[in-house]
Amino acid sequence: MSVIAVVGSLNMDLVISAPRYPLLGETLMGHSFGTTGGGKGSNQALACARLGAESHMIGRVGNDDFGARLRETLTTENVNCDHVQVSENVGTGVAVVTVVGNGDNTIVLAPGANALLDEVDIKRATPLFKIADAALFQLEVPLPAVEAGLTLARKTGCHTVLTPAPAQALPLTLWKAIDYVVLNETELAFYAGYIHKNEPSGEAGDKDRTVAEAAGVLLSRGTKGVVVTRGARGGLVVTKREFFPYAPFKVKAVDSTGAGDSFCAALIVALSEGMPLEQAVRFASAAGALACTRFGAHPSLPWRREVVALQEANA
């Protein structure tokens, strides 16, 4: 069993479904509403546990009901929360999610206690990094904490995966501590500094080459591999030795919340178990697709048996 450390955010998601996104200044009647655990960090930690890894969460929650519920949910599902600190006089992070008919969503975050995660919290988790096979990171917590975590992970020999979202400027030196960066085309455009078009003209091969060139910019900064996710169009993987597309799994999508986190978790679990990169990406693609078939973040994250079943059904 691989040991995975996840440094990141813990949020309570407030999710409402709507027929479409509201216009500026418009009040729109929605459909269902619910609260569910979320935050890129806790999503990835829970996904790792459901996929068969020994999962450890490093983050912060507030001393409130949302924080207690998140810790209870993770602990119940075998995510170790010894390094989830409880902050006084600040609320747990909250995400307001609007889901429309085709499963797409928009998200507004209030970071709450997530904004207090710091280098001291990371240093406190040093014994965990020493036994971990891999570490997962995102950018919903302060960048100094992410930098400290990536540096410590590299020092202790952990494999590292970064989801660089929300997109923000990163120190060039940080890329050398990242084994795999997983991001969508818009984020790739931001980090590589090229002009992104949602529907570029030309043949599919031309589009792939454009993405590969942009990924090459990130490789030149020191990261070992770039995985570009394209939703229902699958994605592309670019390393210094490999370049290949991966096909999507066809499912009935109802909510894409948590799909990217499910993908990242599955990728690192598979790689930690020694799967070849192409096989690991296929495994991750199945996990991401399954997360689109259920509403909410935590409830949508698949178990390993489901991922294996989907792969076998599409063999």
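If the condition is being more than 17 Å from G37 (Cα to Cα) and assigned to a helix (DSSP H, G or I), then segment 238-264 contributes F263, C264. Of all residues in segment 304-311, none are of a type in the set (G, A, S) and under 15 Å from the mean Cα position of the chain (by Cα).
Which residue, of T76, T27, T92, is among the β-branched types (V, I, T), within 20 Å of P302 (Cα to Cα) and either at pLDDT 90 or above or over 23 Å from the mean Cα position of the chain (by Cα) (or both)?
T76
Could you list, in sequence order, all residues of segment 250-275 that are farther than 24 Å from H56 by Cα and either of a type in the set (S, T, Y) or at pLDDT 90 or above (or both)? Within segment 250-275, just S256 meets the criteria. Candidates in segment 225-281 are the residues that are small (G, A, S) and without any contact (Cβ under 8 Å) to a residue 24 or more places away in the chain; of these, the one that is farthest from T293 (Cα to Cα) is G274. Cβ-Cβ distances below 6 Å connect the following pairs, each with a first residue in segment 46-65 that is among the charged types (D, E, K, R), a second residue that is part of a strand (DSSP E or B), and a separation of six or more residues or different chains: E54/V3; R60/Q85; R60/S87. Residues that are at pLDDT 95 or above and hydroxyl-bearing (S, T, Y) within segment 30-57 comprise S42, S55, listed in sequence order. Within segment 176-219, how many residues are over 22 Å from A259 (Cα atoms), touching a strand residue (DSSP E or B) at 6+ places or on another chain (Cβ under 8 Å), of a type in the set (A, V, I, L, M, F, W, C) and at pLDDT 90 or above? Residues flagged as over 22 Å from A259 (Cα atoms), touching a strand residue (DSSP E or B) at 6+ places or on another chain (Cβ under 8 Å), of a type in the set (A, V, I, L, M, F, W, C) and at pLDDT 90 or above within segment 176-219 amount to 3. Among the residues of segment 264-273, is any closer than 27 Å to P171 by Cβ, hydrophobic (A, V, I, L, M, F, W, C) and in contact with a Ser or Thr (Cβ under 6 Å, 6 or more places away or on another chain)? Looking through segment 264-273, at least one residue is closer than 27 Å to P171 by Cβ, hydrophobic (A, V, I, L, M, F, W, C) and in contact with a Ser or Thr (Cβ under 6 Å, 6 or more places away or on another chain). Consider segment 213-258 and keep the residues that are over 23 Å from A177 (Cβ atoms) and charged (D, E, K, R). The one that is surrounded by the fewest Cβ atoms within 10 Å (Cβ to Cβ) is K252. Screening segment 133-162 for residues that are assigned to a strand (DSSP E or B) and among the small types (G, A, S) and picking the one that is surrounded by the most Cβ atoms within 10 Å (Cβ to Cβ) gives A135.
The values are calculated or read from the model by the stated rules, or taken from the named source; none is laboratory data. For clarity, every value in this text was computed on a predicted model and none was experimentally measured. Positions of Cβ are generated from backbone atoms using ideal geometry, with glycine treated the same way; all protein chains shown enter the neighbour counts.
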